[in-house]
Amino acid sequence: MKELDILQDAHIKVTPQRIAILRLLKENSGHLGVKPLYNLVSQQYPNISLATIYKTLELFRSKGVLRAVAVASGEANCCSSPDFNSRLVCSTCKSTFDIPVPEIDLKEYLEDVSSRSGYRLTSQQLVLYGLCPKCSRQEA
Ligand SMILES: [Zn+2]
């Protein structure tokens, strides 16, 4: 999916900066902290501020764009609440990667599980198995 389509799908006003940020997130499979992201974006847009990066990421997160990027790439280190991770385990090379779950999605999910099971939940762990990006590339 093209950056433009992702933004339009999420009803986010398209700006060149937002496209650039989104592209960098995608290219780096989410393995990109806010500061490095800022450094890269400011090479193209020297006037962009760190605050704008934060705001954009927050916007992306609130609209589910970050999640879309994370899911598409299988990874997302960037910009997430540390509260809860799903752990991804590569079944080929056994590498693991923790992908943060947005707090709001988690809350809904847990409430749903709790109400359907009657369990009062005290802790949670989510492990997902698959092929890491490196191994899937080798397989292709
Ligand atoms: Zn692997």
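Quick look at the values:
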{"read-out": "Single unsatisfied condition, SER73 versus (1) away from the ligand (no atom under 16 Å from the Cβ); (2) among the polar types (S, T, N, Q); (3) within 14 Å of the chain's Cα centre (by Cα); (4) at pLDDT below 85", "value": "(1)"}
{"read-out": "Answer residue from the stretch 109-137, given it is within 16 Å of the ligand (Cβ to nearest atom) and surrounded by 11 or more Cβ atoms within 10 Å (Cβ to Cβ) and is farthest from THR96 (Cα to Cα) among those", "value": "SER136"}
{"read-out": "Pairs, first at positive phi in the stretch 74-102, second within 15 Å of the ligand (Cβ to nearest atom) and at pLDDT below 80, C-beta under 9 Å, six or more apart", "value": "GLY74/SER29; GLY74/ILE99"}
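The values are calculated or read from the model by the stated rules, or taken from the named source; none is laboratory data. All of these numbers come straight from a predicted model, not from anything done at the bench. Don't worry about glycine lacking a Cβ; one is built from the backbone with ideal geometry, like all the others, and counts go over all protein chains shown.
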